[in-house]
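What follows is one structure encoded as structure tokens, with my remarks underneath.
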Amino acid sequence: DTEVTQTPKHLVMGMTNKKSLKCEQHMGHRAMYWYKQKAKKPPELMFVYSYEKLSINESVPSRFSPECPNSSLLNLHLHALQPEDSALYLCASSPPGPGRLDTQYFGPGTRLTVL
Amino acid sequence: DAKTTQPPSMDCAEGRAANLPCNHSTISGNEYVYWYRQIHSQGPQYIIHGLKNNETNEMASLIITEDRKSSTLILPHATLRDTAVYYCIVSSGTNAGKSTFGDGTTLTVKP
């Protein structure tokens, strides 16, 4: 299995809703990432988990809450989002080893719309 | 991590080689050059990376200058499906998440 899967593909939610995005990989990668991407812009890093511990939080608002239950699974819990949070949310993973931590494998993304 | 500079857009004729340049004049000795591409509405795709030597895989070739201040990604026979945004990233590759995506180059392959 050489892919990163993300569910759902599309999500529409209201500003008072609570929802979760899910990401899964079975490549034995020990680093996993969440990115946010607005239209016509590069991906922006949000969170990094390394060996199931949160290692980087790029000053993301607390309405986004990441969780890494095990080495294969990464969740992003969403609560009280704003319309400006509408974007493509990308998950990625990377293998261990010198020079390989930035060899990231991306999922197809979840297209989120906040109404 | 060192910053990179890429042209915002390039065109290439189908079947010809596409040569995408990247400047990284402040690269450190332990930093790798990584290339990704993102086809419209898909997740980015890893293409290739290198430290000093030129690298080749089934997708592309990476040519790094001797002083390592610039590199070129070569798609030897571009097809319409290679139309995408190409990102050049410089990172030590030893700390997960330390690399950042710049604005990249939009490559348009034309028939």
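The values are calculated or read from the model by the stated rules, or taken from the named source; none is laboratory data. What you see is a predicted model; the values in this text were computed from it and never measured. Note: ideal-geometry Cβ built from the backbone for every residue, glycine included; neighbour counts use all protein chains shown. Accessible surface areas use protein heavy atoms only, side chains included; no ligands, DNA or RNA. Shrake-Rupley method; radii C 1.70, N 1.55, O 1.52, S 1.80 Å.
Annotation note: of B:A17, B:A13, B:A60, B:A78, the sole residue that is of a type in the set (A, V, I, L, M, F, W, C) and within 12 Å of the chain's Cα centre (by Cα) is B:A60. Looking at this structure, is B:L73 away from every other protein chain (no Cβ under 14 Å), modelled with pLDDT of 95 or more, in contact with a helix residue (DSSP H, G or I) (Cβ under 8 Å, 6 or more places away or on another chain) and crowded, with 20+ Cβ neighbours inside 10 Å? So B:L73 does not fit the description; no. In region A:44-67, the residues that are within 8 Å of chain B (Cβ to nearest Cβ) and closer than 11 Å to A:W34 by Cα form Cβ pairs under 6 Å with partners that are open to solvent by 80 Å² or more (accessible area, probe 1.4 Å) and in a loop (DSSP other than H, G, I, E, B), at six or more places apart or across chains, as follows: A:L45/A:E58. On inspection, A:K41 passes the criterion of being within 12 Å of chain B (Cβ to nearest Cβ) and out of contact with any helix residue (DSSP H, G or I) (no Cβ under 6 Å at 6 or more places or on another chain).
Do we have any residue at all in region A:69-76 that's surrounded by fewer than 22 Cβ atoms within 10 Å (Cβ to Cβ), under 27 Å from B:T4 (Cβ atoms) and more than 9 Å from every other protein chain (Cβ to nearest Cβ)? No, because not a single residue in region A:69-76 is surrounded by fewer than 22 Cβ atoms within 10 Å (Cβ to Cβ), under 27 Å from B:T4 (Cβ atoms) and more than 9 Å from every other protein chain (Cβ to nearest Cβ). Against the conditions (1) of a type outside the set (D, E, K, R); (2) more than 13 Å from every other protein chain (Cβ to nearest Cβ); (3) within 29 Å of A:S50 (Cα to Cα), B:P7 satisfies every one except (3).
Against the condition open to solvent by less than 60 Å² (accessible area, probe 1.4 Å), out of contact with any Gly (no Cβ under 6 Å at 6 or more places or on another chain) and facing another protein chain (nearest Cβ under 9 Å), how does B:Y36 come out, does it pass?
yes
Within region B:5-61, the set of residues being part of a loop (DSSP other than H, G, I, E, B) and hydrophobic (A, V, I, L, M, F, W, C) comprises B:A17, B:I27, B:I39, B:L51, B:M59, B:A60. Residues in region A:34-54 that are touching a Phe, Trp or Tyr at 6+ places or on another chain (Cβ under 8 Å) and under 27 Å from A:L115 (Cβ atoms): A:W34, A:Y35, A:K36, A:Q37, A:P42, A:P43, A:E44, A:L45, A:M46, A:F47. Kindly indicate whether A:L81 is more than 14 Å from chain B (Cβ to nearest Cβ), surrounded by 15 or more Cβ atoms within 10 Å (Cβ to Cβ) and touching a residue at least 24 places away in the same chain (Cβ under 8 Å). Considered against the rule, which asks whether it is more than 14 Å from chain B (Cβ to nearest Cβ), surrounded by 15 or more Cβ atoms within 10 Å (Cβ to Cβ) and touching a residue at least 24 places away in the same chain (Cβ under 8 Å), A:L81 comes out as yes. Quick one: in region A:1-23, which of the residues that are within 14 Å of chain B (Cβ to nearest Cβ) and open to solvent by 20 Å² or more (accessible area, probe 1.4 Å) is farthest from A:L112 (Cα to Cα)? Residue satisfying both the conditions and the ranking: A:T2.
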